[in-house]
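The values are calculated or read from the model by the stated rules, or taken from the named source; none is laboratory data. Only a predicted model underlies this, so the values are computations on that prediction, with no experimental measurement involved. Because the Cβ atoms are built from the backbone with ideal geometry, glycine has one as well, and the counts that use them run over all protein chains shown. Please note that ligands, DNA and RNA were not included when accessible areas were found on the heavy atoms of the full protein model with its side chains. Shrake-Rupley method; radii C 1.70, N 1.55, O 1.52, S 1.80 Å.
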Amino acid sequence: MQTKESKGIILYNRAYKESDRLVKIFTEEAGKRMFFVKQAPQSKLQSVIQPLTVADFIMTISDTGLSYIMDYKSVRAYPKISGDLFSLSYATYLLALTDAAISDKVLDPHLFAFLVKTLDLMEEGLDYEVLTLIFELQLLDRFGVKLNFHECAICHRVGLPFDFSHRIAGLLCPDHYQEDPNRSHLDPNVPYLLDQFQAVRFEDLKTISLKADMKKKLRVFMDAIYDDFVGIRLKSKQFIDDLEKWGQIMKPEE
């Protein structure tokens, strides 16, 4: 056991026995860890172990079993996200995707910062659909998937109306469309935007605005990429898909 202080974000908690909780925290300094909270409803930790809570935790870390939260400070939550069903659904998906992307106990401060910043921007009111697409795209590397949306996979030319080949796992320019009869037949703006998103800076995110039709095209393609190359299907993503099917009447007009 070692004592460590680190910023962390609550990914989820679940019941353990009658009143105890197991709490998964993604920490900046110790990676993802599972923490045991005894008699959580009566604990001073009750308010700080809810998902989407960020705090500086003082922890006792175990490399072989459960860890423990000793104390905390500088707590903050995301009230605007939590108060909107759609924003909350997308934020919950980002937490679950982060949990799936890296193993427990693996340090990944860059991913930690990326997750927190993405949630901060969502809390500020930026488009949660666009932020989620960018997060998914930049997380592909963590799943061992490296895709180039900048150049043709065959001739390496750039700046052309590209299409995507799942078989080749890359772009095809018009001169090489015939290399894959089952190419995706994308709107050329889809690979163009993905190329921009792969290198986008946080300060640029506030200026990104996409029409609903383009966001839908990007979503369909990103889902296909995750289905084909990553192969995970999270319950939180299924909830978003179901929400989109029956929840359009609840969604504010753009």
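Which residue is modelled with the lowest pLDDT, if the candidates are limited to region 1-25 and must be among the hydrophobic types (A, V, I, L, M, F, W, C) and closer than 11 Å to S67 by Cβ?
By that ranking, first place goes to M1.
Of R14, R33, which residue is under 30 Å from E244 (Cβ atoms) and either loosely packed, with under 13 Cβ neighbours inside 10 Å or not aromatic (F, W, Y) (or both)?
Working: R33 fails: under 30 Å from E244 (Cβ atoms).
Only one candidate qualifies: R14.
Picking from H176, H150, H185, H156, which residue would you name as being touching a strand residue (DSSP E or B) at 6+ places or on another chain (Cβ under 9 Å), open to solvent by 30 Å² or more (accessible area, probe 1.4 Å) and at positive phi?
Exactly one of H176, H150, H185, H156 is touching a strand residue (DSSP E or B) at 6+ places or on another chain (Cβ under 9 Å), open to solvent by 30 Å² or more (accessible area, probe 1.4 Å) and at positive phi, namely H185.
Condition first: surrounded by 15 or more Cβ atoms within 10 Å (Cβ to Cβ), more than 24 Å from L140 (Cβ to Cβ) and of a type in the set (D, E, K, R). Now tell me which residues in region 57-101 satisfy that.
The one that is surrounded by 15 or more Cβ atoms within 10 Å (Cβ to Cβ), more than 24 Å from L140 (Cβ to Cβ) and of a type in the set (D, E, K, R): D84.
If the Cβ limit is 8 Å and pairs must be 6+ apart or interchain, which residue in region 48-76 that is of a type in the set (D, E) pairs with which residue that is open to solvent by less than 70 Å² (accessible area, probe 1.4 Å)?
Between residues of region 48-76 that are of a type in the set (D, E) and residues that are open to solvent by less than 70 Å² (accessible area, probe 1.4 Å), the close pairs are D56/S6; D56/G8; D56/Y72; D71/F57; D71/I58.
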